[in-house]
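First up is the structure itself, then whatever we jot down about it.
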Amino acid sequence: MRQLGWLTLFCHSLEADASGMLVAYHRRMPDQKREAVQRFKELKTTIVAAGDSYNDTAMLGEAHGGICSTRQENVIREFPAIPGRRSEL
C-alpha cells in the first residue's frame, strides 16, 4: 500500500492459521458489485459493466449497459437479456 500512496482500498479479507495457510475468506459486504454500480448511479454517472461469470450478473443487470463474455452455459441460459459474445467463445 505504501508503494501506491496509501490509497483507499475496499477489499475482502483472507484469514490464515498460525502456519500461514489460508483457512477462510470473509466478504467485505454482500453483493458488492451491484452495490458499487448503485452508488455510481447515485452520482449521476452512466455505467457500462463487463463481466465473465455468474458472480457478475447482478452488477451487469444493475448497470445501464452490461456485457458478459462467458462459456458458462448456466449464465447464458439464466440471463439471456445480458448481451455478449458468448457464442463466439
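Quick note: the coordinates plus some simple rules give every number you see, no bench work behind them. Treat the numbers as computed from the prediction; the structure is a model and nothing was measured. Because the Cβ atoms are built from the backbone with ideal geometry, glycine has one as well, and the counts that use them run over all protein chains shown.
Figures for the structure shown
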read-out: Separation in nanometres of the label points that stand 7 Å from Cα toward Cβ, at Leu43 and Leu4; value: 1.6
read-out: Residue-wise HN-Hα coupling along the range 26-32, computed from phi with Karplus coefficients 6.51, -1.76, 1.60 (Hz; x: Gly, Pro); value: 10, 6, 5, 7, x, 6, 4
read-out: Label assignment, Kirkwood radius over Cα pairs in Å derived from the structure, set (1) 13.5; (2) 14.5; (3) 15.4; value: (3)
read-out: Relative contact order (%) - the chain, alpha-carbon pairs under 8 angstrom, separation at least six; value: 17
read-out: Extension gain (nm, one decimal) between Ser13 and Met29, 0.36 nm per residue minus Cα-Cα; value: 4.7 nm
read-out: Amide H within-cut-off set for Ala50, under 5 Å, with H built and near neighbours excluded; value: Ile67
read-out: Per-residue ³J(HN,Hα) for the range 39-51, Karplus 6.51 cos²θ - 1.76 cosθ + 1.60, θ = phi - 60°, Hz, x for Gly and Pro; value: 5, 5, 5, 4, 7, 6, 9, 8, 10, 10, 10, 10, x
